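Presented below is the structure to which this report refers.
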Amino acid sequence: MISYALRRLAAGLVLALLVSVITFWLLSYSFESVVASLLGSGATDAEVQARMTDMGMDRPVLAQYADWLGAALTGDLGDSYFTNEPVIGALTDRLGVTLSVVVTALLITAVVSVLLGVTAATRGGGADRAAQGISLVGYLVPSLLLAIGLVYVFAIKLKWLPATGFTPLSENPGKWAQSIVIPVAALMIAGIATLTAQVRGAMIDELRKDYVRTLRTRGLSPRRIVLRHVLRNAAGPALTVLSLEFLTMLGGSLVIENVFALPGFGSFAFNASLQGDIPVIMGVMILAVLMVIVVNLAVDLMNGWLNPKARVR
Amino acid sequence: MTGTLLDIDGLEVTFPGRGLRCRPHQVLHGVSLDVAAGETLGLVGESGSGKTTIGRAVLGLVKPSGGRITFADVDITHAAGARRRALARDIQVVFQDPYSSLNPSLTIGDILGEPLVVQGVGRKEANARITALLDQVGLPVNSAARLPREFSGGQRQRVAIARALAPRPKLVVCDEPVSALDLSTQRRVLELLVDIQRDTQVAYLFISHDLSVIRHISHRVAVLYRGDLVETGEAAKVTATPDHPYTRRLLLAAPVADPAEQQRRREERWRFAERDADRSAA
Amino acid sequence: MTADTTTANTAPESVAQRISTLRRLARNPQAVITASTLMVIVVAGLLASVISSHGPSHASLDAINAGIGTDGYPLGADKDGRDILALLLHSINTSVVTALIGTGLALAVGVPAGLIGGYFGSRVRAATEWLFNLIMTFPGLLLLIVLMPVTKGDFRATMALFGVLLAPNVFRIVRNQVLGVKNELYVDAARVSGLPDRRILARHVLFAVRGPVVIASAFLAGTSISVQAGLAFLGVGNSEVPSFGAMIHSGFANLYVAPSQFAIPSLLLGIITASLVLFGNALRDTLEGSPRKPQPIVTPTPRAATGTSERAEGLLVVEDLAISYESPDGKPNEVVRGSGFTVQAGETLGLVGESGSGKTQTAFAVLGVLPPAARVTRGSVRLDGRELLGLPDREMRKIRGRTIAYVPQEPMSNLDPSLTVGAQLATSIRAVEPMPRAEARQRVLPLLGQVGIPDPERVAGSYPHQISGGMAQRVLIAGAVAGRPHVLIADEPTTALDVTVQAEILDLLHDLRKRLNMAVVLVTHNFGMVADFCDRVAVMRQGEVVETGTTTETFDAPRHEYTRMLLDSILDDTTTRSDAPPRADAPPLVDGPQHTDAPIGGKRTS
């Protein structure tokens, strides 16, 4: 099990490295325009070239990447071009905001989807129609419209919740909760739609299997069969979808943070890319990829625990 | 032997292990056998004996890792690409599962036409051939416009046999062609295969786990056990008074539909088992 | 050639299935409504400059925040004085281009890669899989935003990039389909027929793949459009390009002044994406059949017994049992009609029949584990005189495992793949006799020993995939006899096993039957097993028991014609092939020296 975990981790790190190479390489095509905007509209071509030489941008892309990587491995992601703030510190500050929204949404999504999916698959009838209805609404309405709709109803019309802004958890847990309710709701509805459908489908497939019937002939109660046997076997594919949902939510938080003016990772990334702040962009990408890798690793390990066959490979 | 059509000499097949650290797995350790023109060689063995792999190697669906396969005096061990496709004229196949061996979205006519069209037979001639083939396997002529799902298992197997016969091959590999069928259907399909052989003088490499099926169709029988040939000979001999202990065990293990005779067999099998136990204890 | 040629002439419903997909789609109201909605929207977009007199960027100071119905501005104007109708129509075009680029690129990358990755060897597959896993690791939306300096905000470039990010979805669908199809024997048969790889891919593989790909395309188009709207809302990209996202953004800022400026584009965007999703769903239903229905574990209680005048006596009595399923056209389809037999304590009964004769359905009805779609329409199942049909599941649960137990056909699929053998058996033990888990675990080892497993400890610690089929069947038998049942129903318990293992399992059942004094109902198609194992036999044909009797009687003098036909079909033990192989160079020999001269259809010789 430990060697399995280490192998997955190593594969993840190679992936992170590759993502950073590709991102850097893609960004290298915009270095010139970035420098031009850094210098302002009045700068001449010669000034831009001089500045690029100054910043080492005239060297081969690979060499520049090697420099970035070398520094990154020591924990130094450089300084922002525009604010001169160290990137790593700026990012970790904002990560807290994003994670409190995304992780909360992910946890609620998982719990609600499993409950809905299992009930729908095992009960059928009204419970099934309700779950399918919720799924369909989540699919049909783009989360952007949903977010705005929620703000309009709960913050603007009813004034129950703050429309924008963020209170850190350490400052005031109650206000923290209030400040993330709408963002979390907006993020998780699409997630619940996808995951409920997945759990329902996996459960239905699993309930059709022969061993379920055999367990019944041994006198086991349906509840025990579902909880101890079926759910465990249906969890594998659902976990994979959950890890993909994390990715989607991370992307969704970009839009959501903008709508709700949350000082998170997403809005930071957005401003950085509008300005062409290369060190920040690289930092954002590498951090995001590392988060994805950690989540995937956790899912892989859980899968290994659930499924004895996956453990061997 | 004169008239040898297919000659397999020291055939070895090794499958790569799954994953990086698994060792490769050898399923055939040097199997030699031959099939004469117009004869049926029955190949019998249990799961994991490698009997299906022999058939697939002859058909070019798995790559041998050693040995030689000669067909009509031509080495076809590693025939690939155009050479392998040219062999389609002479070597054909009937698979076990009549459900998965016919593409569900093609009509019977399309399925039967496929091997003909590949060989450059014209539309009109192909249609005439399809009608003749359907007649030969005892299916109604209007079957050509229908889809496989409109047919029962036995009928589908007839379609599969017609497809194999389409290019007028010299050898048909029959991989458990009747084991998915019901008792009564099984018998009729076997009779059909025998009739066709009498009419067309096609040779069969007939693979089965069922000794009673093998006995009914084969001229000669080869017994396979864990990738090795343990016994070959005339069908009447091998299926009645086998030499090898494994063949004998196989023979006694299959229950016969006769209570008194089965009682006798059961006792014989137990004696056999006890003797084995004594021998291994000693 | 009588029985198996009849069905070809009597298959009316299959004709309907051959009607082309398009026509079936045309009968689905959801597909028709959503498709025509989308069509109207797209056409309106194409006619934008005809419908609206203003250009999308034409701003007029006079029209700022003009209300709905203002002259020349049927839907009003926004805060910059641009015609909302014109913006809306041109936004449709942007969305169409967006959907085409995003979906097109996802398909262009994903389909070929999926075909290659699925069809060719494991190395190619591993390489493509790795590549697409890499793409999936990119946080999509984030990448689109951070690469703004590269795409220069052109929505077409952004959507092209997004198309690549969507490609893994298409890749996975195609690869899985191809992997499934590739193992189908018809692909092997095509290869043996001499078809080159590219023709196999085109004719057999692509054919199977196209349905799921078309369905996925509808969803991908919807995703592309809403992502583009989201990005435009954020302000990514050229603000000169009319788009729903930009309109919603400006409407959002102006929400208090003129709510319609926000509501109108939101509504149209919602209609477009919802139509695409609903159209995709309708497409899926049409191409892949109706969606899977949930599968409640507990079957609805079957109807109680219909009173029969003469009551047969016995440990297990099944009388005039009928089971029907609802067929797709709503009519009940009776699969068992009048099945019945009696088993006395300690007796073995063979329930014999060909596939589809209803023998397994009868067994499930006795156990009360019929699938939810099945209905017991009449009959009676009595155990020790007690009627079982109509008992609530809670009561049946006390009987199952303790009084009636079951051994299935396929050993591997009947074990839970993710629990050890020991844990599964402990669960079964505790189901029939409540006890602490630790105690149940201790009982597992002697139980495994009882079914002839040589090293119980190793097997108890193994997962099902680590043991052989014969071993797995022994484990299932152990689970069945854990509650010392009075009746054991064994449904083709050796069919999936090798002949030599089959004999061992049959010996084990013999032995257990004697030791536990169980009655056994052996469901089988194999008369040899009946001869070996059963005191009495019941022969089923098309849902009916046509003959019952002692085994010896039935084999010696079958009364029913069908039984006689079945017995005659058995490939007996002594007839061998009688004709010698024809020689190409010589006239065919009439008799080989080694062959007996009986014809293939010869009688049994006993």
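The values are calculated or read from the model by the stated rules, or taken from the named source; none is laboratory data. Remember, it's a predicted structure, so these values are computed and weren't measured experimentally. Here Cβ is always computed from backbone atoms with ideal geometry, including for glycine, and neighbour counts include all displayed protein chains.
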- In the stretch B:114-134, how many residues are assigned to a helix (DSSP H, G or I) and either over 23 Å from the mean Cα position of the chain (by Cα) or at the interface with another protein chain (Cβ under 8 Å from one of its Cβ atoms) (or both)? 14
- Query: Restricting attention to the stretch C:243-271, and to residues there that are more than 12 Å from chain A (Cβ to nearest Cβ), surrounded by fewer than 24 Cβ atoms within 10 Å (Cβ to Cβ) and not aliphatic (A, V, I, L, M), which single residue is farthest from residue C:148 (Cα to Cα)?
  - Reply: C:260
- Message: Tell me yes or no: at least one residue of the stretch A:145-162 is of a type in the set (Phe, Trp, Tyr), closer than 23 Å to residue C:227 by Cα and more than 20 Å from the chain's Cα centre (by Cα).
- Response: yes
- Can you name the number of the only condition in (1) within 37 Å of the chain's Cα centre (by Cα); (2) assigned to a helix (DSSP H, G or I); (3) more than 12 Å from chain B (Cβ to nearest Cβ) that residue C:514 fails? (1)
- Task: Could you grab me the full set of residues in the stretch C:519-557 that are more than 10 Å from chain B (Cβ to nearest Cβ), more than 19 Å from residue C:356 (Cα to Cα) and assigned to a strand (DSSP E or B)?
- Result: C:519, C:520, C:536, C:549
- Note on the structure: Expected output for the stretch C:431-444 (first residue within 12 Å of chain A (Cβ to nearest Cβ), partner crowded, with 16+ Cβ neighbours inside 10 Å, Cβ below 6 Å, 6+ apart or cross-chain) is C:431/A:218; C:431/A:219; C:431/A:220; C:431/C:401; C:432/A:219; C:432/C:401; C:432/C:402; C:432/C:483
- Do we find that residue C:393 is within 11 Å of chain A (Cβ to nearest Cβ), in contact (Cβ under 8 Å) with a residue 60 or more places away in the chain, charged (D, E, K, R) and surrounded by fewer than 20 Cβ atoms within 10 Å (Cβ to Cβ) in this structure? yes
- Could you check residue A:265 against (1) surrounded by fewer than 19 Cβ atoms within 10 Å (Cβ to Cβ); (2) at pLDDT below 90 and say which number it fails? (1)
- Note on the structure: Heads up, the helices (runs of 4 or more DSSP H) in the stretch B:182-282 (entirely inside) with at least 3 residues that are in contact with a Leu (Cβ under 8 Å, 6 or more places away or on another chain) are B:183-200, B:211-217, B:259-281
- Message: Take residue B:49 and tell me if it is assigned to a loop (DSSP other than H, G, I, E, B) and either within 8 Å of another protein chain (Cβ to nearest Cβ) or not aliphatic (A, V, I, L, M) (or both).
- Response: yes
- Message: Condition check: within 20 Å of residue C:489 (Cα to Cα), in contact with a Pro (Cβ under 9 Å, 6 or more places away or on another chain), of a type outside the set (Val, Ile, Thr) and surrounded by fewer than 23 Cβ atoms within 10 Å (Cβ to Cβ). Does residue C:419 satisfy that?
- Response: no
- Note on the structure: Those residues of the stretch C:34-64 which are touching a helix residue (DSSP H, G or I) at 6+ places or on another chain (Cβ under 8 Å) and in a helix (DSSP H, G or I) amount to C:34, C:35, C:37, C:38, C:41, C:42, C:44, C:45, C:46, C:48, C:51
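This table checks each residue for (1) of a type outside the set (Lys, Arg); (2) out of contact with any helix residue (DSSP H, G or I) (no Cβ under 6 Å at 6 or more places or on another chain); (3) part of a loop (DSSP other than H, G, I, E, B); (4) surrounded by fewer than 16 Cβ atoms within 10 Å (Cβ to Cβ).
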residue	(1), (2), (3), (4)
C:317	yes, yes, no, no
C:323	yes, no, no, no
C:330	yes, yes, yes, yes
C:336	yes, no, no, no
C:339	yes, no, no, no
C:366	yes, yes, no, no
C:381	yes, no, no, no
- Item | Selected residue (criterion: nearest to residue C:174 (Cα to Cα)) from residues of the stretch C:128-141 that are within 8 Å of chain A (Cβ to nearest Cβ) and among the aliphatic types (A, V, I, L, M) | C:136
- Query: Within the stretch A:221-252, which residues are among the polar types (S, T, N, Q), more than 9 Å from chain C (Cβ to nearest Cβ) and closer than 13 Å to residue A:106 by Cβ?
  - Reply: A:243
- Message: For the stretch C:484-518, which positions are within 18 Å of residue C:406 (Cβ to Cβ) and modelled with pLDDT under 90?
- Response: C:494, C:495, C:496, C:497
- Could you give every pair whose Cβ atoms fall below 6 Å, whose first residue belongs to the stretch A:5-17 and is closer than 15 Å to residue A:303 by Cα, and whose second residue is among the acidic types (Asp, Glu) and assigned to a helix (DSSP H, G or I), counting only separations of at least 6 or pairs across chains? A:8/A:300
- In this structure, does residue C:408 turn out to be within 14 Å of chain A (Cβ to nearest Cβ) and either within 23 Å of residue C:509 (Cα to Cα) or in contact with an Asp or Glu (Cβ under 9 Å, 6 or more places away or on another chain) (or both)? yes
- Identify, please: which residue in the stretch B:35-52 is among the small types (Gly, Ala, Ser) and touching a Lys or Arg at 6+ places or on another chain (Cβ under 9 Å) and is, among those, modelled with the lowest pLDDT? B:48
- Of the residues B:42, B:30, which is more than 8 Å from chain C (Cβ to nearest Cβ), more than 26 Å from residue B:157 (Cβ to Cβ) and either out of contact with any Phe, Trp or Tyr (no Cβ under 9 Å at 6 or more places or on another chain) or in contact (Cβ under 8 Å) with a residue 60 or more places away in the chain (or both)? B:30
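Being at pLDDT 80 or above, in a helix (DSSP H, G or I), more than 30 Å from the chain's Cα centre (by Cα) and facing chain A (nearest Cβ under 9 Å): is that true of residue C:144 here?
So residue C:144 passes the test.
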- Message: Condition first: at the interface with chain C (Cβ under 9 Å from one of its Cβ atoms) and among the basic types (Lys, Arg). Can you find one or more residues in the stretch B:60-82 that meet it?
- Response: no
- Message: Looking at (1) touching a Ser or Thr at 6+ places or on another chain (Cβ under 9 Å); (2) of a type outside the set (A, V, I, L, M); (3) crowded, with 20+ Cβ neighbours inside 10 Å; (4) over 21 Å from residue C:507 (Cβ atoms), which one does residue B:242 not meet, given that it meets all the others?
- Response: (1)
- Selection from the stretch C:305-349 of residues that are among the hydroxyl-bearing types (Ser, Thr, Tyr) and at pLDDT 85 or above: C:324, C:325, C:339, C:342, C:348
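Any residue in the stretch B:151-162 that is within 17 Å of the chain's Cα centre (by Cα), within 11 Å of chain C (Cβ to nearest Cβ) and closer than 17 Å to residue C:194 by Cβ? If you could, list the steps in order and put the result at the bottom.
Step one: filter the stretch B:151-162 for residues within 17 Å of the chain's Cα centre (by Cα), giving B:154, B:156-162.
Then keep just the ones that are within 11 Å of chain C (Cβ to nearest Cβ); that gives B:154, B:156-160.
Narrowing further to those that are closer than 17 Å to residue C:194 by Cβ: B:160.
Within the stretch B:151-162 (the criterion being within 17 Å of the chain's Cα centre (by Cα), within 11 Å of chain C (Cβ to nearest Cβ) and closer than 17 Å to residue C:194 by Cβ), the answer is yes, since at least one residue qualifies.
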- In the set B:177, B:148, B:140, the lone residue that is surrounded by 19 or more Cβ atoms within 10 Å (Cβ to Cβ) and either facing chain C (nearest Cβ under 10 Å) or farther than 30 Å from residue B:76 by Cα (or both) is B:148
- Of the residues in the stretch A:56-68, those that are aliphatic (A, V, I, L, M) and loosely packed, with under 15 Cβ neighbours inside 10 Å number 3
